[in-house]
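What follows is a single structure, written as structure tokens, with notes after it.
The values are calculated or read from the model by the stated rules, or taken from the named source; none is laboratory data. This one's a predicted model, so the numbers in the text were calculated from it and none came from an experiment. Here the Cβ positions follow ideal geometry from the backbone for every residue, glycine too, while neighbour counts run over all protein chains shown. What goes into the accessible areas is simple: the full protein's heavy atoms, side chains included, and nothing from ligands, DNA or RNA. Shrake-Rupley method; radii C 1.70, N 1.55, O 1.52, S 1.80 Å.
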Amino acid sequence: MIVRIMGEGQVSLADGHLAELNKLDDELLTEMENGDGPGFRRTLQALLTRVRDLGEPLPDDSLEPSELILPSPDATLEEVRELLSDDGLIPG
């Protein structure tokens, strides 16, 4: 799966990592619903860090279609709300 972090680039991520990332995504969704700004910021950073750690960066000159687009690390709670689907940021 090709994942884009807005403002950073793309990584290739094995589908086997989706379960771990979905746990963080569920946490993020709960924090957003509860208006927990500090929790939201902490979990968003943790989610993006795991994607960077688990993914293989694609070359800067490579532009593959992204199957998943994640917000930038400095995205606001409101900006992330606009990106959400019923499943959160990560489908499944």
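Data for the structure
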quantity	calculated
Residue, most open to solvent (accessible area, probe 1.4 Å), within segment 59-77, restricted to residues that are acidic (Asp, Glu) and out of contact with any strand residue (DSSP E or B) (no Cβ under 9 Å at 6 or more places or on another chain)	61
All positions within segment 27-43 that are out of contact with any Phe, Trp or Tyr (no Cβ under 7 Å at 6 or more places or on another chain), under 16 Å from residue 71 (Cβ atoms) and not hydroxyl-bearing (Ser, Thr, Tyr)	27, 29, 37, 39, 40, 41, 42
Subset tally (residues that are surrounded by 12 or more Cβ atoms within 10 Å (Cβ to Cβ) and within 16 Å of residue 79 (Cβ to Cβ)) for segment 26-35	4
Whichever residue in segment 44-71 is at pLDDT 95 or above and among the polar types (S, T, N, Q) and, among such residues, is nearest to residue 13 (Cα to Cα)	49
Residue satisfying all of: in segment 42-52; free of Cβ contacts under 8 Å to residues at least 24 places away in the same chain and under 12 Å from the mean Cα position of the chain (by Cα); most open to solvent (accessible area, probe 1.4 Å) among these	49
Options 39, 7, 55; residue that is among the small types (Gly, Ala, Ser) and surrounded by 16 or more Cβ atoms within 10 Å (Cβ to Cβ)	55
